[in-house]
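Worksheet: one structure, shown below.
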Amino acid sequence: MKAKSKRDKKEEMKIGCPSCGDNITVRDYSQNSVICENCGRVLKEEIKDRGPEWRAFSREGYEKKSRAGPPSTETIHDKGLSTQIDYKNRDAKGNKLSPERRNKVYRLRKWHKRGKVTDPKDRNLTFSLSEINRMCSHLGLSNSVQEIASKIYREAVEENLIQGRSMEGCASAALYAACREAQVPRTLEEVTEASRVDKGEIGKTYRFLCRKMDIYLSPTDPVRYVARFGSKLEISGETQVKAIEIIRKAQKENLTSGKSPTGIAAAAIYIAALREGEQQTQRGTAEVADVTEVTVRNRYKEMVENLNV
């Protein structure tokens with residue numbers, strides 16, 4: 001198949017408006033769409049923003065932030081600043097390599113990959129950051145949480161806090177700390193399920209890192225668990241809103257101090273479901289929240305007695 005020329009690609013980029021026939025368009029990257037300048041009709045949606053991901057408000061800021069290549073990231077051991085040899089096995093013109101040149105490129109790629117990891121610190125970061133990436137993918141976490149977790153782990157390595165401890169445990173603890181810092185509702189049990197170490201080791205390592213690195217994190221707001229638990233229990237939106245109102249009342253009465261956020265959220269959902277006439281059991285709510293039925297029952301009694309709900 002013949003490759004398209006630059007002229008063909010330019011002609012494809014010219015989009016004619018079927019309403020007014022004008023071909024002068026405006027690219028609105030805030031809405032990811034192409035709009036006709038004459039009549040305002042949306043001609044194409046979900047376009048790619050080919051500009052930089054940063055913003056600058058002065059000439060000095062533009063010159064400081066401008067660069068070539070992708071941005072640096074904490075999720076790669078070398079921050080993404082090294083070069084890579086592609087796996088396509090094609091030359092600069094797009095032609096396939098001969099078997100002799102393919103073998104040569106294979107050896108170059110292998111030694112280039114080995115040369116990027118030269119000391120124990122790089123090997124530590126390579127393994128642990130890939131482990132954080134795997135757990136983030138398993139838990140469905142965003143790139144921002146992965147960046148925070150990678151930065152916490154990198155700082156721990158710089159301060160020699162990983163020596164004598166499991167790399168998997170430290171990576172899991174850094175991820176749990178990142179979830180709490182970003183206010184993402186993920187419990188220690190969920191992180192343990194995605195990790196390769198047990199809950200006790202993750203909790204102990206998390207407390208150690210917080211103490212040594214002066215990390216002070218407030219408890220997760222129970223409201224952040226309502227939407228996720230409610231979706232699993234298949235309750236209505238009105239019930240979820242009622243559960244959030246119950247939690248806010250409990251927080252004003254200081255009933256949530258020292259209590260598990262997941263237990264508070266589970267009990268509030270259970271109360272709201274009863275008030276809205278939806279059938280939910282304490283066992284089913286406890287299983288979704290990964291707490292015991294006793295916890296749900298105790299939080300339920302406290303809220304009913306003190307809030308009159």
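Considering only protein heavy atoms, what per residue accessible area in square angstrom results for the chain with a 1.4 angstrom probe?
On the way: 20010 Å² over 309 residues.
Heavy-atom SASA per residue in the chain reads 65 Å².
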Q) Carbon and sulfur: what percent of the chain's accessible surface (1.4 Å probe)? A) 47 percent
Q) In percent, how large is the relative contact order of the chain, given Cα pairs closer than 8 Å and 6 or more residues apart? A) 9 percent
Q) Between residue 306 and residue 142, what length comes free when the chain is fully extended (0.36 nm per residue of separation minus the Cα-Cα distance, one decimal in nm)? A) 55.2 nm
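With each run of n ≥ 4 DSSP H residues scored as -39500 (n - 2.57), what mean residue ellipticity at 222 nm is computed for the chain after dividing by its residue count and rounding to the nearest 500 deg cm²/dmol? Could the numbers behind the result be given before it?
Numbers: 13 runs with 170 residues, N = 309.
Only helices count here, giving -17500 deg cm²/dmol.
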Q) What is the helix-to-structure angle for 223-233, meaning the angle in degrees between its Cα long axis and the longest Cα principal axis of the chain, kept from 0 to 90 and rounded to the nearest 10? A) 90 degrees
Q. Using unit Cβ charges (K, R positive; D, E negative) and no other charged atoms, how large, in debye to the nearest 20, is the dipole of the range 163-242 about its Cα centre?
A. 240 debye
Q | Angle between the chain longest axis and helix 99-116 axis [Cα atoms, degrees, rounded to 10] | A | 50 degrees
Q) Which one of 17, 136, 210 has the biggest mean-square fluctuation once the chain is modelled by GNM with Cα springs under 10 Å? A) 17
Q. So how tilted is helix 199-212 from the main axis of the chain? Cα-based, degrees 0 to 90, rounded to 10.
A. 80 degrees
Q.
Compute the distance from the alpha-carbon center of the range 227-258 to that of the range 119-172, in whole Å.
A. 33 Å
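The values are calculated or read from the model by the stated rules, or taken from the named source; none is laboratory data. If you're wondering where the values come from, they're calculated on a predicted model, not measured in any experiment. Reconstructed Cβ throughout: ideal geometry from the backbone, glycine too, with neighbour counts over all protein chains shown. Side chains are part of the model used for accessible areas, which takes the heavy atoms of the whole protein and leaves out ligands, DNA and RNA. Shrake-Rupley method; radii C 1.70, N 1.55, O 1.52, S 1.80 Å.
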